[in-house]
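We did not get these values from a lab; they are worked out from the coordinates using the rules stated. In this text, all values refer to a predicted model and were calculated from it rather than measured experimentally. Heads up, the Cβs are rebuilt from the backbone with ideal geometry, glycines too, and the neighbour counts pull from every protein chain shown.
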C-alpha cells in the first residue's frame, strides 16, 4: 500500500483552494480531483509502505516539536505530463527544513519512486485539478478558468497527517502543529 504525509492549511485558506477545485467541477470540466475526496494539502513525502502505528507515533513526536508555519500561495503551475493543475506555495526556509526533518523522522520507510517528493527535488504543490483522464481540451479550459480566478493568498500550515493513497484517499491520522 502507498502512503503520504500531508501538510494541511488553516480553514480559511483551505476553503479558498477548495473553491477553485469546485469551480472546475461546477463548470462541468472535470470532477476527477473531487472524486479522490481529499482536502487541499501539500504532500511532504510519499512511501511505498509504512507501519501505521509506528508512523503515527513518529508524527506525534514530530508535531510536538514543530510550530505552524506561514503559507504564501502566489502562483499556479502545471505538470503537463499528468495534466495536473496546482496552486504553488512559495518555498521558504521553514518549509524546506520542515520537510528535511520529517524525512529524518521517517527514514525507516521506503520513499523510492516518488519523483516530486524526494529531498532536494520536492515540488511543493496543492492540486486543484486532475485532467489526465479527461479529453485534452479539458486541461486547457480548466487551466484558463483557474488562471482567471486565482488570487494570491496567505494563511498558515496548521496540521500534518498520514493518509493511505487509495481511491478515495483515506485520512488515517492528523495532528495539529504546535502554536
Would you mind calculating the gained length between residue 110 and residue 92 on full extension (0.36 nm times residue separation, minus the Cα-Cα distance), in nm to one decimal?
-> 3.9 nm
For a label point 7 angstrom out from the Cα of residue 69 toward its Cβ, which stretches of the stretch 112-153 have the backbone nitrogen within less than 18 Å?
-> 116-127, 153
Kindly rank 41-48, 103-110 from highest to lowest mean number of other beta carbons found within 10 Å of each residue.
-> 41-48, 103-110
Under the helix-only model (-39500 (n - 2.57) for each DSSP H run of 4 or more, divided by the residues of the chain), the mean residue ellipticity at 222 nm, to 500 deg cm²/dmol, is -10500 deg cm²/dmol
Between helix 93-105 and the chain: long-axis angle, C-alpha atoms, 0 to 90°, nearest 10 | 50 degrees
Quick one: if you stick a label point 7 Å off each Cα along the C-beta vector at residue 120 and residue 137, how many nm between them?
-> 4.5 nm
Helix 52-64: angle to the longest alpha-carbon principal axis of the chain, degrees 0 to 90, nearest 10?
-> 90 degrees
Matching label for the computed Kirkwood radius over Cα pairs in Å, out of (i) 17.6; (ii) 16.6; (iii) 19.5, is (ii)
What spacing in nm lies between the two simple spin-label points modelled at residue 22 and residue 144, each 7 Å away from Cα in the Cβ direction?
-> 2.4 nm
What's the angle, to the nearest 10 degrees (0 to 90), between helix 136-149's Cα axis and the longest principal axis of the chain?
-> 80 degrees
